[in-house]
Amino acid sequence: MGIIEVKNFKKSFGKKLVHRDVTFYVHKGECLGLIGGSGVGKSVILRSLIGLEKPDSGSIVIDDQEITSMDERELSEIRKKMAYVFQGGALFDSMTVYENLAYPLREHFKYSESEIRKRIMTQLEEFGLSGCDQLFPGNLSGGMQKRVGLARSMMMEPEIVLYDEPTAGLDPYNTKKIQEHILRLKNKGKTSILVTHDMPTAFAVCDKMAFLLDGVISAQGTMSELEKDSAGLISRFINGEAS
């Protein structure tokens, strides 16, 4: 059905039940907005999609492969198809921008240093970061750090991108820049899930939305369906009438 399929996903931490029956899918090339109140476990789902969390029951299928029973070696192959864009950029502070972008290539491939340099410079230009290669993350603005994090996540040319609050704390200019990069990647055929509270960004980049509430997907629909359903649960959440 989709390149990402989550079925009957259940997850607890100790006695706290976070997810009791989460089911959704994402078709190839789609961007799904995963929304909901703070603390409902949106990031838990993202971490589970790359095998950092294991569900108590249910299935997670990535590109026709069930990942919940995979060992670390098998998961490492799946992760090569995926990129996780962390909320804070998750850059290595002690490394320059160049070294941050080179890291995944050196870790997973056997490219020559000249090929690595060519790829990095092309990536930096694409993300509007030319001339930043020898700077350290601490010398960059928050918006630039997030763009470097996004650029690094694209170095391995993943098929799937998982965004965890990529515009949180950004000013309107940098928010717009992140939106443009997400749309450009989507136009290249990347499949993605966007976890966000930034509803203008969700409306700008997503094809559909899923609303997480009380451990289940309580409502979902395409953007056009949501625009017509002003009384629906997602619309009420957006307007501050549901939590």
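Quick one: ASN187 ticks every box in (1) in contact with a strand residue (DSSP E or B) (Cβ under 9 Å, 6 or more places away or on another chain); (2) surrounded by fewer than 16 Cβ atoms within 10 Å (Cβ to Cβ) bar one, so which box is it?
Of (1) in contact with a strand residue (DSSP E or B) (Cβ under 9 Å, 6 or more places away or on another chain); (2) surrounded by fewer than 16 Cβ atoms within 10 Å (Cβ to Cβ), only one is false for ASN187: (1).
Say we look at the stretch 12-37 and pick out the residues that are assigned to a loop (DSSP other than H, G, I, E, B) and touching a residue at least 24 places away in the same chain (Cβ under 8 Å); which of these is surrounded by the most Cβ atoms within 10 Å (Cβ to Cβ)?
GLY36
Go through LEU135, LEU91, LEU129, LEU124 for me and flag whichever is in contact with a Cys (Cβ under 9 Å, 6 or more places away or on another chain) and surrounded by 13 or more Cβ atoms within 10 Å (Cβ to Cβ).
Within the list LEU135, LEU91, LEU129, LEU124, the selection yields LEU124.
Go through the stretch 65-90 residue by residue and tally those that are in contact with a strand residue (DSSP E or B) (Cβ under 9 Å, 6 or more places away or on another chain), assigned to a loop (DSSP other than H, G, I, E, B) and farther than 25 Å from ARG152 by Cα.
Residues flagged as in contact with a strand residue (DSSP E or B) (Cβ under 9 Å, 6 or more places away or on another chain), assigned to a loop (DSSP other than H, G, I, E, B) and farther than 25 Å from ARG152 by Cα within the stretch 65-90 amount to 1.
Name the residues in the stretch 223-235 that are out of contact with any Gly (no Cβ under 8 Å at 6 or more places or on another chain) and at pLDDT below 75, would you?
Within the stretch 223-235, GLU227, LYS228, SER230, ALA231, LEU233, SER235 meet the criteria.
Looking at the stretch 131-173, which of its residues are aliphatic (A, V, I, L, M) and free of Cβ contacts under 8 Å to residues at least 40 places away in the same chain?
Scanning the stretch 131-173 gives LEU135, MET144, LEU170.
If a residue has to be part of a loop (DSSP other than H, G, I, E, B) and of a type in the set (Asp, Glu) to count, how many in the stretch 161-212 make the cut?
4
State the number of residues belonging to the stretch 141-174 that are buried (at least 19 other Cβ atoms within 10 Å of the Cβ) and touching a Pro at 6+ places or on another chain (Cβ under 8 Å).
Of the residues in the stretch 141-174, 6 are buried (at least 19 other Cβ atoms within 10 Å of the Cβ) and touching a Pro at 6+ places or on another chain (Cβ under 8 Å).
Report, by residue number, each residue of the stretch 58-67 that is surrounded by 15 or more Cβ atoms within 10 Å (Cβ to Cβ) and of a type outside the set (A, V, I, L, M).
GLY58, SER59, ASP63 - these are the residues of the stretch 58-67 that are surrounded by 15 or more Cβ atoms within 10 Å (Cβ to Cβ) and of a type outside the set (A, V, I, L, M).
The values are calculated or read from the model by the stated rules, or taken from the named source; none is laboratory data. Because the structure is a prediction, the values reported are computed rather than measured. Reconstructed Cβ throughout: ideal geometry from the backbone, glycine too, with neighbour counts over all protein chains shown.
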